[in-house]
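Encoded as C-alpha cells, the structure appears first; notes follow it.
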Amino acid sequence: MFQKIINIIVVALPWVLRRPILVKFYGYEIHPSATIGLSYVFPAKLVMEGGSRIGHLNVIKNLQHLKLGEFSVISKQNWVSANISERSYLHKPRDRSLTLGKHSAITMNHRFDCTDSIDIGSFTTIAGCNSLFLTHSIDLEVCRQDCFPIKVGDYCFFGTSLVVLGGTEVCDYSVIGAKALLNKCYQTKFALYGGVPAKLIKPMDIKLAYFSRTEGYVE
C-alpha cells in the first residue's frame, strides 16, 4: 500500500520532474523525447524509445515488462494489467508483458490482460474502443487457470469492440472487422477477417496506402 501511495504522488508531478525520478529511482529506460501523461504506469521494467508516448488516464500495472517502440502510442483511458498469482500458473512459464512495435497505436478505452505476453508489431493500430485482449482463462478439462500469449504482426488494423483470446496469432497486413472474436492463428496476409469466431472474409488490395505508410498513428 505504501508503494502505491508513493506511485500516486509521482504520477501527480509534472513530467519534467517525473521523468528523472522514474529513470533514477525506478530504473526505467525512457528516451528524452518520450512522454507519459497523467497515467498510472508502473510495470517492473519500462522501456520507451524515442517519440513514444502514453496519454492520460491509463492504468498499467502488474506487468513484468512494458516496451514501446519508436513513435508508438498508448492513447488514453486504457487498462493494462495481469493476474499476478504465481500459485495458479506453477505448471508453465509465462511472461507478463506488453510490447508495442514502432509507429503502432492503441487508441482509447481498451483492456489488455497480460497474464501472458501480448506482442503487437510495428505500424499496427488497435482502433476504435472497447476491445478486450484476454490471455488467461480456466482450462475446463483439468480445472485450473491457464494462459497463452497473443501475437499480432506488422501493418495490421483492428476494428472496434473486438475480443482477442489467448493463443491468437495474427499475421502481417491483416484487417480485423469490428466486433470480431479471434481465437486461433490467422495466416493469410492482405486479408480481411471478421465474425464470431473470425474467419477469412476477402483479400485486401496490397496497394492500400495503410500497408505502406512510413508514419504510424493516423490522426
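Looking only at residues in the range 17-47 that are among the hydrophobic types (A, V, I, L, M, F, W, C) and surrounded by 16 or more Cβ atoms within 10 Å (Cβ to Cβ), which one is farthest from residue 82 (Cα to Cα)? So the residue we want is 34. Filtered by the rule that a residue be assigned to a loop (DSSP other than H, G, I, E, B), on the phi < 0 side of the Ramachandran plot and in contact (Cβ under 8 Å) with a residue 40 or more places away in the chain, the range 61-80 gives 63, 69, 72. I need every pair where a residue in the range 48-60 that is surrounded by fewer than 19 Cβ atoms within 10 Å (Cβ to Cβ) has its Cβ under 6 Å from the Cβ of a residue that is not in a loop (DSSP other than H, G, I, E, B), sequence separation at least 6 or different chains. Listed by first residue and then by second, the contacts come to 53/35; 53/73; 56/76; 57/76; 59/40; 59/79.
Residues that are touching a helix residue (DSSP H, G or I) at 6+ places or on another chain (Cβ under 6 Å) and either under 17 Å from residue 102 (Cα atoms) or open to solvent by 40 Å² or more (accessible area, probe 1.4 Å) (or both): does the range 159-167 have at least one? No; the residues of the range 159-167 include none that is touching a helix residue (DSSP H, G or I) at 6+ places or on another chain (Cβ under 6 Å) and either under 17 Å from residue 102 (Cα atoms) or open to solvent by 40 Å² or more (accessible area, probe 1.4 Å) (or both).
The values are calculated or read from the model by the stated rules, or taken from the named source; none is laboratory data. Only a predicted model underlies this, so the values are computations on that prediction, with no experimental measurement involved. Neighbour counts run over all protein chains shown; Cβ positions are idealised from the backbone, glycine included. All accessible areas refer to the heavy atoms of the entire protein, side chains included, with ligands and DNA or RNA removed. Shrake-Rupley method; radii C 1.70, N 1.55, O 1.52, S 1.80 Å.
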